[in-house]
Every structure is written in structure tokens, then in C-alpha cells.
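The values are calculated or read from the model by the stated rules, or taken from the named source; none is laboratory data. Note that the structure is a prediction, hence the values are computed from the model and not measured. All Cβ positions, even for glycine, are placed from backbone atoms using ideal geometry, and neighbour counts span all protein chains on display. Just the protein is used for accessible areas: all its heavy atoms, side chains included, with ligands, DNA and RNA removed. Shrake-Rupley method; radii C 1.70, N 1.55, O 1.52, S 1.80 Å.
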Amino acid sequence: MKKRFVLFMIAMLICSTLCACGGKTATSGDTGQNTVSRQNTDRIVSSEGGNLQLLSNRYGDSACNTENGYYYLTVEITKLRDGSYGTHLMYMDFASGREIYLCSTAGCKHDSLDCPSVFSYDDFPLYSTLLFVFGDDLYILSREEDDDGSVFQENVNMGNDGSSVESRPAVLYRANLDGTERKKIYTFDASLTLEDVIIGNDTGIYVITKKLSSDKEGDQTYTTSSERKLMFLDIGSLSLSEICSMDFDDNISWKVIGCRQNDFLLCGTDFGREISRDETWNDDLYKELYKNSFEVYALLNRDGGKPKEIIKLPNRYYNSVKLLGDNLYLSSGENQNIEVLDIKTGEKKTLCTLPQNLIMDTMGDTLCCRNWNLSEDPAWYFVDTQSGEITRTPLVILCNGWSVDFRGETEKDVLFIYDYDATDHHDGSYEVHQCKHALISKDDLFAGKDNYRTIEMVGPGR
């Protein structure tokens, strides 16, 4: 269906990459409710505080890391002592090289909701719950899956044509970094769905909210969104303010894919006109329209104005883009170049030439690249943005030769999956029982060395 096609194209375009109005403050009857008061009167509370930084996990996991360790929520459902079900919050300590359940209670079996590592399956949806560290606290955003753009054959949650989609409200929790004292601090309005990007500054977090509705045709139900807004939640006062609408009357559905200093990096598809519902949901029509469209990248200043276009790339070729500071790094399936665009001066030049020029990630000042045909070449290639020098790592998953998966980054090290405990089905597929993690220094990784330190695992690693 259309969403599968769009997701594939977007994966090729941005590959795991990341205003204009005054502040309308929400009340408990408006867009949220403050469930725990924690006012800090010694601090200036404003959405203007500090440079923007991406807080949500850029690899799409319910996970986050600090310089000291890595947190993740398991996707395995465990039956608890009282008969209910839950998942676990795990922690990999980088200094000791050991993984633990995030619980310090001696003798705890981690099988009840009294344990700080146990998360109720009913309250924390799998895959869509987000973790992030803000200041000296761990935050957990419980949210339903964002089904915007989905097509369902049948779904008991869907109503009639044009009806709103019912869901549980998104809830923000705060805990100590050791997992203790987890408390619900803010509940969003139940009519709102939150997108999966969280960007913060010194005083709070930015999120995108929207309302979902269903449209039924025959035995299929289509989910669409409206009233998309950029919102700011002040962590000190726990007040939610509207920054601006994400509808700029340009027929482009903008997504926030990153940030720099005081700007959000936006990406959207420009078809040159508004496309109809039939064109949107008809696979063949949409594919043809998409091939003749452009992917537009723009900056949105948090102080006001409209998106300022940086570059427009034709979608007849696969493209990849990453932002580092004032430079936008670009590549295309049309050629083997990696180009750099200075967004201040508009100057564009070629950084290097590399057949494997799909820019998948960044680490510090280094671009992490792959072959456009991911199954053809499992290796990672690294490009130094200062010199254009290219290196390649020999690291692959030990049991099957697949590409290693990066999961976290510190100032000097990278956390990655180096092997699986898995059952080989001998048809090209594997049933993975455990993802085995390791740390490697950036110097060794970029130099092509395999000098990594394994983590002693006790959990599933995902």
C-alpha cells in the first residue's frame, strides 16, 4: 500500500536523520493536564533557553544513552507475578561492561510492578514508547503508535468515515537515572497523537502533536491527520505552549528530522500542487506522482517565520541528507558524489567520491555510509567531513555476516550489535533470541580495526 512505498522512499531519502507564533499556554482542559507540580522558581522558564538538541533515539528504538551507559525497554512481554504482563528497563554500564535490570533491590526477581525495572504492558506500548535523558533525569514518554498514513483491512479502534481515532493519552514520566522514583508528570489531551521526534533545549522539550481521523472505504480504513502543531513543554512549570501550526499553506507535509542551534531541520515532499485523496491512496498514481516530485529541505527558526528552503532534490533519484552544524551533506543514487552545502553562503562543493554514498548516520564530524543496495554490501564506510578521507570497517555480525547495527554514541565510543544468539532457518532468515552488544572506540572504528569490548548481557538486547 501507499504507506509502505512512502516509508521505503523516506528511508532512502533521510535514513534515520532530524517558528512562527506566539505562545498559547495549555490548561488541564485544553491540551494537557499537569499531574505532578515541580516548579523551579529560581530558573527562567522559556522556550528560548539554549541550543536545540535531538533527544529521541535516532535509531528508532525505545532507548537512549548517556556517557555512562545505555537504557532500553525490552520488546519481549513477560508474565508478572500477579498475572499481568510487562516489559523491562535494562541498563548497560559502560565502565563495568555489564548489563543489568535497572533495579538495585537485593533479591528482586523483577516480576512485579513494585520493581523499578518493570513496566506495565498496558501503560507502556511496545515500540512506540520513547526514552530520553534530560538534565539529570530519565524521561519516559508513553505514547500510542502513530498510524498516520496507514491502511487497515480491519481495526476495532476505527470508527466510521471521518471519525476521530480513539487512543489512550500520551503520558510523560520522570525517574532518577537509576530508575527509582518514577512518576507521572504530564498527561497530554487524549485526542492528540504525538510524533516520534523529541527535541530539547535547556528548559523543555518540543514535540509535534496532531489529531488522527479514519476514513473507511469498502473493507479498508485509511488514517489521516490534521491540526499538526509544534508544541513546547516546559519541564520546570510543566506547561504546554503552542509554538506554531505545521501547516504553512504550501501543500507540503513537513516533518521535523533534525535541528541546529536555533533552527529545526524540516523535510517534505513537493508535488507542485495539492494531490487528491484518490492520488494519495492509489499506489500506481502515487508512485508516478512521487517520481516527478521534489524532496525539499528547509530550516524553521523557533522564533518565527516560515520554513526557509535550503535545497530541493528530485525524487526520480534516491537521495540522502544529513545536517552537521552549518553544512548539509548530500548524496544521490544518480552519481557517486557526496556534496557539502554551506547553508549560510549557499556554496556547494564535492567532498568526496564514493560508490557507497548512501549517508545513513553521523558520528561527530564523520559521515557513516552504506551501499544503496544494502543487501549487496554489509560494510560501513566512514567519511571525514574535514578532509574527505574514506575508511571502511571490516565489522559484520559474526553469526551471519550481516551489517552491524549502531545503537549509541559517547564522546569517544560507539555501542553496536556485533552478534546474535539466533536460530538459522536456512532460508535467509533468523529467529533472534539475543542481540549481543559491544563498545568500540571511534578511533578504532574509523581506522578499520575490530578492537571492541563486549558487554556481558543478561537481557535480550532489544
Report the gain in length on full extension from residue 112 to residue 375: 0.36 nm times residue separation, minus Cα-Cα distance, nm rounded to one decimal. 90.5 nm
Give me the Kirkwood hydrodynamic radius of the stretch 360-462, using the inverse of the mean 1/r over all pairs of distinct Cα atoms, in Å to one decimal. 14.4 Å
For the stretch 274-337, state which GluC sites (Glu not before Pro) are in a DSSP loop and have at most 12 other beta carbons lying within 10 Å of their beta carbon. 274, 334
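Can you work out the FRET efficiency for the pair residue 287 and residue 444, with r the C-beta to C-beta distance and R0 = 45 Å, to the nearest 0.05?
FRET efficiency, residue 287 to residue 444: 0.55.
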For residue 280 and residue 342 in one chain, what is 0.36 nm times their gap in residues minus the Cα-Cα distance, to one decimal in nm? 18.9 nm
Evaluate the charge dipole of the chain about its Cα centre and quote only its size in Debye, nearest 20, assuming +1 on the Cβ of each Lys and Arg and -1 on the Cβ of each Asp and Glu. 540 debye
Interatomic Cα distance distribution for the stretch 231-313, bins of 10 angstrom, percent: 16, 40, 27, 14, 3
Rg ratio (alpha-carbon, reference 2.2 N^0.38 Å) - the stretch 207-278: 1.38
Just name one of 256, 298, 353: the one whose Cα is farthest towards the positive end of the charge dipole of the stretch 236-386 (beta-carbon charges, Lys/Arg +1, Asp/Glu -1). 353
Based on alpha-carbon positions alone, could you give the equivalent ellipsoid semi-axes of the stretch 282-417 from the gyration tensor, as √(5λ), descending, whole Å? 27, 21, 15
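According to the Cα gyration tensor, what semi-axes, each the square root of 5 times an eigenvalue, does the equivalent ellipsoid of the chain have, listed from largest to smallest in whole Å?
31, 31, 24
Summarise the accessible area of the chain (1.4 Å probe, protein heavy atoms) by the percent that is carbon and sulfur.
Percent of accessible area from carbon and sulfur atoms in the chain: 44.
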With the other protein chains left in place, how much accessible area per residue, in square angstrom, belongs to the chain at a 1.4 angstrom probe? 46 Å²
For the charge dipole of the stretch 338-437, defined by +1 on Lys and Arg C-beta atoms and -1 on Asp and Glu C-beta atoms about the Cα centroid, which residue among 368, 388, 402 has the Cα displaced farthest towards the positive pole? 388
With viscosity set to 1.002 mPa s and temperature to 20 °C, compute the Stokes-Einstein D of the stretch 168-211, Rh being the Kirkwood radius across alpha carbon pairs; µm²/s, no decimals. 180 µm²/s
